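Written out below as structure tokens is the structure these notes cover.
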Amino acid sequence: MFHIAIDGPAGSGKSTVAKEISKRLGILYLDSGALYRMIAYYFQGNGVDLADVLYIQSHLDEISIVYADGHYILNGEVISAQIRKPQSGASASAVSRIGQVREKVNSVIRSISEKCSMVVDGRDIGTVVLKDARYKFFLTASPQERAERRYRELIAKNEDVSFEDVLNEINQRDRADSSRSIAPLKPAPDAVIIDTTGMEIERVCDIIAGYVDSRDIRG
Ligand code: CDP
């Protein structure tokens with residue numbers, strides 16, 4: 001069994017690359033950001049102010065998160081498009097500052113990781129959650145290019161956004177995620193750093209796959 005951690009900022013290509021790598025290697029893909037997005041979605045749906053840390057801390061037990069057959073299930077409800085709105089990233093970033101929220105997400109990831117090989121993307125997978133992951137990568141790209149990628153994704157989903165708003169949101173989230181005290185966004189000392197600016201996603205996948213030992217590929 002082995003784990004691949006892919007960390008990096010918004011729009012660095014982590015999730016596209018992680019999905020492709022999971023297909024190529026036939027292992028599970030887990031999107032840790034989706035778990036933060038689900039927690040934010042739950043509280044916002046109940047009209048809770050995400051700045052109300054005490055409330056969130058004391059109501060986390062109301063939430064059950066299950067990942068099964070490629071579906072993220074929040075208290076029995078399959079969640080997908082609801083957490084992909086442009087504002088969901090900022091909401092996820094707000095709840096992700098809370099230590100108890102992080103512990104909850106980490107325990108979901110770790111319990112799945114005990115059962116199977118997988119590729120997980122996020123901000124702190126290689127530094128905190130799966131510190132012993134066999135392979136660790138940190139993807140970066142210029143803010144301009146990351147915003148362009150995210151803008152194209154949102155426009156393809158018919159979201160009504162402007163490029164400037166997307167760029168601002170990405171810059172703000174980078175700042176918040178990198179400067180927070182718990183599990184800030186940073187490369188693990190033993191991560192391979194890949195700057196994906198101007199790089200095709202296939203090329204990034206080839207680079208990552210090139211690090212994976214053939215014994216792991218055969219399973
Ligand atoms: O896809 P994108 O990179 O825009 O966002 P995401 O991976 O879904 O993460 C949304 C937010 O959740 C991030 O901005 C982080 O604040 C938080 N997050 C985190 O703190 N730790 C993780 N392992 C994953 C996400």
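Regarding region 201-211, can at least one residue be identified that is touching a Lys or Arg at 6+ places or on another chain (Cβ under 8 Å) and open to solvent by less than 30 Å² (accessible area, probe 1.4 Å)?
Of all residues in region 201-211, those touching a Lys or Arg at 6+ places or on another chain (Cβ under 8 Å) come to 205, 209.
Adding the requirement that they be open to solvent by less than 30 Å² (accessible area, probe 1.4 Å) leaves 205, 209.
Scanning region 201-211, I find at least one residue that is touching a Lys or Arg at 6+ places or on another chain (Cβ under 8 Å) and open to solvent by less than 30 Å² (accessible area, probe 1.4 Å), so the answer is yes.
Return the pair list, or none, for Cβ contacts closer than 7 Å from residues in region 75-94 that are without any contact (Cβ under 8 Å) to a residue 24 or more places away in the chain to residues that are open to solvent by 40 Å² or more (accessible area, probe 1.4 Å), at least 6 apart or on different chains.
Note: pairs meeting the criteria are Val78/His71.
Would you pick out the residues in region 149-176 that are within 14 Å of the ligand (Cβ to nearest atom), open to solvent by less than 80 Å² (accessible area, probe 1.4 Å) and without any contact (Cβ under 8 Å) to a residue 24 or more places away in the chain?
Once the filter is applied, which keeps residues that are within 14 Å of the ligand (Cβ to nearest atom), open to solvent by less than 80 Å² (accessible area, probe 1.4 Å) and without any contact (Cβ under 8 Å) to a residue 24 or more places away in the chain, region 149-176 yields only Tyr151.
How many residues are open to solvent by 60 Å² or more (accessible area, probe 1.4 Å), part of a helix (DSSP H, G or I) and either touching a residue at least 24 places away in the same chain (Cβ under 8 Å) or within 10 Å of the ligand (Cβ to nearest atom) (or both) if we restrict to region 23-35?
Selection size over region 23-35: 1.
Let's see how each residue does on (1) more than 12 Å from the ligand (Cβ to nearest atom); (2) in a helix (DSSP H, G or I); (3) surrounded by fewer than 17 Cβ atoms within 10 Å (Cβ to Cβ):
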| site | (1), (2), (3) |
| --- | --- |
| Ile4 | yes, no, no |
| Ala10 | no, no, no |
| Ile21 | yes, yes, no |
| Arg37 | no, yes, no |
| Tyr55 | yes, yes, yes |
| Val66 | yes, no, yes |
| Ser91 | no, yes, no |
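Specify which of the listed residues (Leu60, Leu25) is farther than 28 Å from Val161 by Cβ and in contact with a Lys or Arg (Cβ under 6 Å, 6 or more places away or on another chain). Before the answer, list the steps.
On the way: Leu25 fails: in contact with a Lys or Arg (Cβ under 6 Å, 6 or more places away or on another chain).
The conditions single out Leu60.
Please count how many residues of region 111-129 are among the aliphatic types (A, V, I, L, M) and either assigned to a strand (DSSP E or B) or more than 10 Å from the ligand (Cβ to nearest atom) (or both). Give the derivation first.
To start, the set of residues in region 111-129 that are among the aliphatic types (A, V, I, L, M) comprises 112, 118-120, 125, 128-129.
Going one step further and asking which of them are either assigned to a strand (DSSP E or B) or more than 10 Å from the ligand (Cβ to nearest atom) (or both), we end up with 112, 118-120.
Number satisfying all stated conditions: 4.
Restricting the search to region 39-53, which residues are assigned to a loop (DSSP other than H, G, I, E, B) and either β-branched (Val, Ile, Thr) or open to solvent by less than 40 Å² (accessible area, probe 1.4 Å) (or both)?
Across region 39-53, the qualifying residues are Val48, Leu50.
Can you tell me which residue among Ser142, Ser111, Ser96, Ser107 is under 16 Å from the mean Cα position of the chain (by Cα) and exposed (fewer than 15 other Cβ atoms within 10 Å of the Cβ)? Give the derivation first.
On the way: Ser142 fails: under 16 Å from the mean Cα position of the chain (by Cα); Ser111 fails: under 16 Å from the mean Cα position of the chain (by Cα); Ser96 fails: exposed (fewer than 15 other Cβ atoms within 10 Å of the Cβ).
Criteria check complete, one pass: Ser107.
The values are calculated or read from the model by the stated rules, or taken from the named source; none is laboratory data. All of these numbers come straight from a predicted model, not from anything done at the bench. A quick note on method: Cβ atoms are made from the backbone with ideal geometry, for glycine too, and the neighbour counts reach across all protein chains shown. With ligands, DNA and RNA removed, areas are computed over all heavy atoms of the protein, side chains included. Shrake-Rupley method; radii C 1.70, N 1.55, O 1.52, S 1.80 Å.
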